[in-house]
Each structure stands twice: as C-alpha cells, then as structure tokens.
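A.B. asks: Can you read through this structure? Questions will come right after.
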Amino acid sequence: MKFKRALPPESIQPLRVVHINCVQLDLQRRTATVDGRPRKLRTGCWMFYLPELEMKLFHAANGMIDCVHASRPDENILQQPAVDLGSYTSDDWRRALSTPLSRRLAEVWTVSVLLWRAGLGPQPLGVCFVQRLCRDQREQGPTCGLLTQNVYSLPRKLPCRIEQVRQAGVIPDRIKSCVRQQLRGYVTDVCSVVGCMPDDKEQAVNELEDLLRNASDSDLLSFLNGSMA
C-alpha cells in the first residue's frame, strides 16, 4: 500500500453543539469524570482529549486558557517584561495565558478546518461548552473546546511537511509541534505558547469569537457549517 501525505476529505460528518455541566480531572491519576461518569482521558499541555466523546477541551483558569506543563512560569516571572525563558519570553507566556477561551477556540476551529480541508488533519465536528472545570480538586471556572474526529478511526497516512501546513493557510506554531507531534500522519497539536494561527482570517475569527460568546446554538451551528464549505 502506498501512503500519502494528504488525504482530502471525501465527505462531511454532521456538526453539533454540546453542553456539559461539569468535567473533573485528576491529572496525577490521568482520570476524567464527565457529569458524574468516568471517561478515558488523554491530556496535553494546553488541551485534553476525551476520546469516547470526541471532545478536545482547553485547560482553563478563570475564563482564560491555561497550561499544565511544568515549564509554565510562576506568576512573579509572568509579571516581568521580556524575560528570556528559552524558546519564549515572559511576554509570550503572558499573552498566551491571558487569551480568552472564546478567542482561542475561534482560532483553533479555523485552523482545524483549514487543515482538514487540506487533508492534513481530522474533521472538526462541532464545539463543546463546559460550565465547570475542576482540575485536581480545584475549581477553574468554565471551559470549552471542539469536537474532533478520533485519528485512530482514520486511515493512516505519511506525516505532512511544514510546507503543506503553510500552504493550507496555517501559520505553524513557533516550535513546530504541529509537525513534530503528528498522530498517524495527522496534525492534532496546534496549541503552544505561540500556537498555530490561521493566516489572513481575522474577520472570520472575530465573527466566530462573537458567536461563541453570544449566539444561540442554532446561529452558531449555522456559522460552523458555513465555515466547512
């Protein structure tokens, strides 16, 4: 069998908007409970994945995105301007950790659609809102994320190249995790301190951000369906 680096979509699965009351995470035990029911958990630095529900949700704190990696700077370092922290500065971290959930979800949705259209990523299947996130017995406020195809249900392909990501209309993350950490040849890791961004899609991102904050599920779903065309 000859594997390809891109597998353009042949069909579109229906999209949906999902609301959840509470997600509880125990990162040490790597367990998750969703509205009282245990679920399998795969967790990353900026997002965590619930494969049975096809949900990829943000680690969050007080309405902003959060990071659970050990490299996350202490608050006193975050308050200092332009401290060099290796691949990033304190300014980079501060911008990332002060990004509203709705803004980053709008960016990640747009990036995911672009990658899917180009045959480089799984199909985004909708969005999910969580009223309460409890992480390691601490209340973190709300979170949200996108529904996305499980790449283990998709045909294996060759890993894509960074040039293909750019050609898809996506600006790669600064440390190029998007291509270094592919799963079965698919780009699934788009979040980082300086994460993947859609190129020249500011108007669409702004519109989606506003809908995520204010719109009814039906209006939001209409926009999401339109973005897949």
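The values are calculated or read from the model by the stated rules, or taken from the named source; none is laboratory data. Remember, predicted model here, so these are calculated numbers, not experimental data. Counting neighbours? That spans all protein chains shown, and the Cβs are built from the backbone with ideal geometry, glycine included.
A.B. asks: List pairs: first in segment 145-164 and small (Gly, Ala, Ser), second surrounded by 13 or more Cβ atoms within 10 Å (Cβ to Cβ) and assigned to a helix (DSSP H, G or I), Cβ under 9 Å, 6+ apart or cross-chain?
C.D. replies: Final answer for the pair search is Gly145/Leu101; Gly145/Leu105; Gly145/Val108.
A.B. asks: Also, quick follow-up: Cβ contacts < 7 Å: first residue within 15 Å of Val193 (Cα to Cα), restricted to segment 59-84; second residue outside any helix (DSSP H, G or I) and hydroxyl-bearing (Ser, Thr, Tyr), any location; separation 6+ or different chain. Result?
C.D. replies: Ala60/Thr143; Met64/Ser98; Met64/Thr99; Ile65/Thr99; Ala82/Thr89; Val83/Thr89
A.B. asks: Moving to a separate point now. Could you grab the pairs with beta carbons closer than 7 Å, sequence gap of 6+ or different chains, first residue in segment 206-219 and closer than 17 Å to Leu146 by Cβ, second one of a type in the set (Gly, Ala, Ser) and part of a helix (DSSP H, G or I)?
C.D. replies: Leu208/Ala106; Glu209/Ser102; Glu209/Ala106; Leu212/Ser102; Leu212/Ala106; Arg213/Ser102
A.B. asks: Evaluate segment 174-196: report whether one residue or more is in contact with a Phe, Trp or Tyr (Cβ under 6 Å, 6 or more places away or on another chain) and either in a strand (DSSP E or B) or within 25 Å of Leu7 (Cα to Cα) (or both).
C.D. replies: Yes, the conditions are met somewhere in segment 174-196.
A.B. asks: I'd like the full set of residues that are of a type in the set (Gly, Ala, Ser) and either surrounded by 18 or more Cβ atoms within 10 Å (Cβ to Cβ) or part of a loop (DSSP other than H, G, I, E, B) (or both), limited to segment 135-169.
C.D. replies: Gly145, Ala168, Gly169
A.B. asks: I would also like to ask the following. Condition first: under 16 Å from Asp26 (Cα atoms) and either buried (at least 16 other Cβ atoms within 10 Å of the Cβ) or not hydrophobic (A, V, I, L, M, F, W, C) (or both). Can you find one or more residues in segment 68-75 that meet it?
C.D. replies: Yes.
A.B. asks: Looking at segment 1-34 only, could you name the residues that are assigned to a loop (DSSP other than H, G, I, E, B) and exposed (fewer than 12 other Cβ atoms within 10 Å of the Cβ)?
C.D. replies: Once the filter is applied, which keeps residues that are assigned to a loop (DSSP other than H, G, I, E, B) and exposed (fewer than 12 other Cβ atoms within 10 Å of the Cβ), segment 1-34 yields Met1, Lys2, Phe3, Pro8, Glu10, Ser11, Pro14, Gln28, Arg29.
A.B. asks: I'm trying to understand the selection: among the residues of segment 76-96, which are more than 25 Å from Pro142 (Cα to Cα), of a type in the set (A, V, I, L, M) and surrounded by 13 or more Cβ atoms within 10 Å (Cβ to Cβ)?
C.D. replies: Of everything in segment 76-96, those that are more than 25 Å from Pro142 (Cα to Cα), of a type in the set (A, V, I, L, M) and surrounded by 13 or more Cβ atoms within 10 Å (Cβ to Cβ) turn out to be Ile77, Val83, Leu85.
A.B. asks: Is there a residue in segment 215-224 that is of a type in the set (D, E, K, R) and within 20 Å of Leu125 (Cβ to Cβ)?
C.D. replies: yes
Results for (1) among the hydrophobic types (A, V, I, L, M, F, W, C); (2) closer than 23 Å to Ala6 by Cα; (3) at pLDDT below 95, shown as yes or no for each residue.
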| residue | (1), (2), (3) |
| --- | --- |
| Glu139 | no, no, no |
| Thr148 | no, yes, no |
| Phe223 | yes, no, no |
| Ala229 | yes, yes, yes |
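A.B. asks: Kindly indicate whether Val108 is of a type outside the set (S, T, N, Q) and under 14 Å from Leu224 (Cβ atoms).
C.D. replies: Yes.
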